[in-house]
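Only the coordinates and a few stated rules stand behind these numbers; no lab work does. Not measured: the values here are computed from a predicted model. For neighbour counting, all protein chains shown are included, and Cβ atoms are generated from backbone atoms with ideal geometry for every residue, glycine included.
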Amino acid sequence: MTRLWVLLALSSPRALLVYNLNVVEGGSSMWTICNEEGRKRLKELIWTILKMVGSVSKVKLAKLVLFSEIEHFRKYGKSYTGLYFVKLKYGPVIAFFEYVLEEEEGKSLKVEKEKYKYSLLEDFSPPLELSGVVEDVLNKYKDKSDSYLSELSHRLPAWKYSEEHEPIYIAELVIEEEDKYWLFVDVMEDVEEEDESMIAQILKDLPTGKRMA
């Protein structure tokens, strides 16, 4: 339980709040509220990407969401959405990704069925904090192919060494080098088995927004 607590705390204060209220305090209504907030922020992230890139494939959109969350963590020390990712065959996919796309299809989102490309049907003004993050990600990956971005996501140790459908947190996904990833895992195990004084040090050292890889 302690390892999960630390991963949530490193990834997002909102995710930790959800964990504490739902698991520790049994606050199911707050769990729903925080899930709604996470979906709202995911929509903002997807809308920002589509606003800046135009039409994009579903696969590429999923990867741009992933790399935007990683970039946001490196800049601000936390996830923007507060959501976890899930290990799927073609890489880590953020929770509620399919839900948001299906919910908004034909409303706020236009879908080209033959090419499975998404674009916005409405005007949208991205939050300043988010637009800067997405702009940096698009400068690196806008012209890259779906397969290239998929391959990049498959190199992330957190995806490689997780079980299929297992939740993965942004504090894990931000680590690109395997030796640093296993060091991180070892630290998590030490926290779980030893004393909780290590938690404060991890929280102090890791969520700084600095590149770990």
Checklist line | Selected residue [farther than 16 Å from Val134 by Cα, without any contact (Cβ under 8 Å) to a residue 24 or more places away in the chain and of a type in the set (D, E, K, R)] from Glu112, Glu102 | finding: Glu102
Margin query: Can you report the number of residues in region 157-172 which are crowded, with 20+ Cβ neighbours inside 10 Å and over 13 Å from the mean Cα position of the chain (by Cα)?
Written below: 1
